[in-house]
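The structure appears below as C-alpha cells.
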Amino acid sequence: MGEGRRFRSVRARITVITTLVVAVSAGLGGAGFAFVLSQSLLDQATTAAELELDRFEAAVDAGGPGALTEHDGYAQVVRDGVVLGASDQLEDAPPLVTAGGGDDDGDAGDLTGRVVTVPGDDDRLVVAAKEVDDGLLVAGVDDGPRAEAVGTTVVLLLVAVPLLVAAMALVTWLAVGRALRPVERIRLDTEQVTAADLGRRIATPGSGDEIDRLAQTMNRMLERLDESQRRQRRFVSDASHELRSPISALRQNAEVALAYPDRLPVERLGRTVAEESARMAELVDGLLLLARADERGLVPDARDVDLDDLALAEARRLRTLAPHLTIDAAGVSATRVRGDTRMLERALRNLGDNAARHARGRIAISCTVLDGAALLTVDDDGPGIPPAERDRVFERFVRLDDSRARDSGGSGLGLPIVASIAAAHGGTATAAASPLGGARLELRLPPA
C-alpha cells in the first residue's frame, strides 16, 4: 500500500510540475501575444491617423481651420486651449488636447500614437498631431476596432489557456501512469524475490528503452547475487568439511590418549596435535585472506620488489623441502614489480608447494619481462592439468582427481590465494601446459 502511494506520488509530482510549467508558459505566452497584438494594431492605427492628419492638413492649408467642418472624421485645430476648427464628428467637442500654443515643438511628436478619450464622450481615438500656422492640428481614428480585437483575444486566451492546462494535466497523468506501469510490475516482481529464491527473474518489457534496460540490469544484479550466494554456500560447506578433518583427528587422538594412556606415546600425540593444528591454522589463515579479498580489503603495501630475488629464494626453499626433486632456476632474470613483498612471497610459496606436490622429478622456475608485464612461471613434470580444468583450479577447495587426498592434495586454497593476490596487484594467474610435460602456472604482474 505504501509503495502504491509512493508510485502515485511520483505520478502526481510529475503531473503537477508539468502542469505548472505549461500554465506559466501558456500564461506568459498568452500575455505576450496579447501585448504584441495590441502594439501591432496600435501601430496600424497610428499609421492610419497620420494619413488622416495629412488629409486634414491639406484642407486647413486650403481653407483655414474652418474648412474642417466640411470633412468627415476626427480632427481639430487647437490654439491655447481653444478649438479654432473641427471636423463634423468633433464639431461641438472640447479640445482633444490642451496643447497648441505654437511655442512647444515637442508637443506634436509626443501626441502622435497616443490613445485619447473624446471629452464628454466614450469614444477613444488614436491620434496624430502636427504644428500648422494656426495652431496644433490633431487628427485621429476610432480605437474601437483595435480595443475590440484585443479584448476578444484576451477572452479567448482566458478560456483557451485553462483548457490547455487541464488537457495537458490529464494527458500527463495518463502518459506518466502508462510509462510507470512497467516500473510497478518490476517492483512487484522484485518484491517477490527472497534470499531463498534468488533464481527468480524480472520480466523485461522488451521495449528497448530505459525501463527495459532497468529490468535487464536488475536481472544481472539478481544473477550476481544468486551466484554469490551459491559460492558462499559452497564456500561455507567446503570450509566446514575441511575443518572437520583436523578437528576429528585431534579429537580422536585425544580420546585415545585419555582412554588408553599407555597405548598412545606422548611423542605421537604431540606430533599429531602439531601437524593438525598447523593444517587448521593454515586453512583458517587462507580463509581469512580470501574473505578480505572478497571484501576488497586485500590492499598491497606497494613498493618496488625484485621478483627475481623472491623466485631464487623460493627455489632454495624447494630444494630444502623436496631434495628428491631437481629445481631449475636458470630462467630467472632481473625483474622488478610494484607490489607487497609478503603477499608475493606467499603467492610464490603456494605455486612452489603446488608444483612440489605434483612433480615427478623436476620443477623449473623462471621470471622475465614480456609484452610489458612481469611474467613468473612455475613448471613441473607431473600429470598436468586438463584444459577444461585450468580455470577451475583457481576456485576454492577444488582438487583434481589425481590430488584429492588431503595428505598430498593440500587444502584447495593455495591457487585461489595466488589468484586473489594477483588480482590485488592488478595482475592475473593462469594455468597452461608445461614444456616439461606437466602443468605451467603463470603469474603476470605490472612491472615497476
Check: Do we find that residue 111 is modelled with pLDDT of 90 or more and either open to solvent by less than 60 Å² (accessible area, probe 1.4 Å) or more than 34 Å from the chain's Cα centre (by Cα) (or both) in this structure?
Finding: no
Next item on the list: Consider residue 97 carefully, then state whether it is in contact (Cβ under 8 Å) with a residue 24 or more places away in the chain, in a loop (DSSP other than H, G, I, E, B), surrounded by 13 or more Cβ atoms within 10 Å (Cβ to Cβ) and touching a strand residue (DSSP E or B) at 6+ places or on another chain (Cβ under 9 Å).
Entry: yes
Item checked: Extreme residue, nearest to residue 193 (Cα to Cα), among residues of segment 210-238 that are over 29 Å from the mean Cα position of the chain (by Cα) and loosely packed, with under 15 Cβ neighbours inside 10 Å -> 230
Next item on the list: Being over 30 Å from residue 203 (Cβ atoms) and either under 29 Å from the mean Cα position of the chain (by Cα) or in contact (Cβ under 8 Å) with a residue 60 or more places away in the chain (or both) narrows it down to one of 258, 287, so name that one.
Entry: 287
Note to self: Tell me yes or no: at least one residue of segment 426-436 is of a type in the set (Gly, Ala, Ser), open to solvent by less than 20 Å² (accessible area, probe 1.4 Å), modelled with pLDDT of 90 or more and over 42 Å from the mean Cα position of the chain (by Cα).
What the structure shows: yes
Checklist line | Matching residues, segment 247-267, being surrounded by 12 or more Cβ atoms within 10 Å (Cβ to Cβ) and in a loop (DSSP other than H, G, I, E, B) | finding: 264
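Residue-wise test of (1) within 30 Å of residue 436 (Cα to Cα); (2) modelled with pLDDT of 80 or more; (3) crowded, with 19+ Cβ neighbours inside 10 Å.
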{"position": "269", "(1), (2), (3)": "no, no, no"}
{"position": "277", "(1), (2), (3)": "no, yes, no"}
{"position": "296", "(1), (2), (3)": "no, no, no"}
{"position": "300", "(1), (2), (3)": "no, yes, no"}
{"position": "319", "(1), (2), (3)": "yes, yes, no"}
{"position": "327", "(1), (2), (3)": "yes, yes, yes"}
{"position": "343", "(1), (2), (3)": "yes, yes, yes"}
{"position": "350", "(1), (2), (3)": "yes, yes, yes"}
{"position": "361", "(1), (2), (3)": "yes, yes, no"}
Checklist line | Given (1) open to solvent by 50 Å² or more (accessible area, probe 1.4 Å); (2) in contact with a strand residue (DSSP E or B) (Cβ under 8 Å, 6 or more places away or on another chain); (3) at pLDDT below 90, index of the condition residue 393 fails | finding: (1)
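The values are calculated or read from the model by the stated rules, or taken from the named source; none is laboratory data. The shown structure was predicted, so the numbers you read here are calculated from the model rather than taken from an experiment. Note: ideal-geometry Cβ built from the backbone for every residue, glycine included; neighbour counts use all protein chains shown. Side chains included, ligands, DNA and RNA excluded: accessible areas come from the protein's heavy atoms. Shrake-Rupley method; radii C 1.70, N 1.55, O 1.52, S 1.80 Å.
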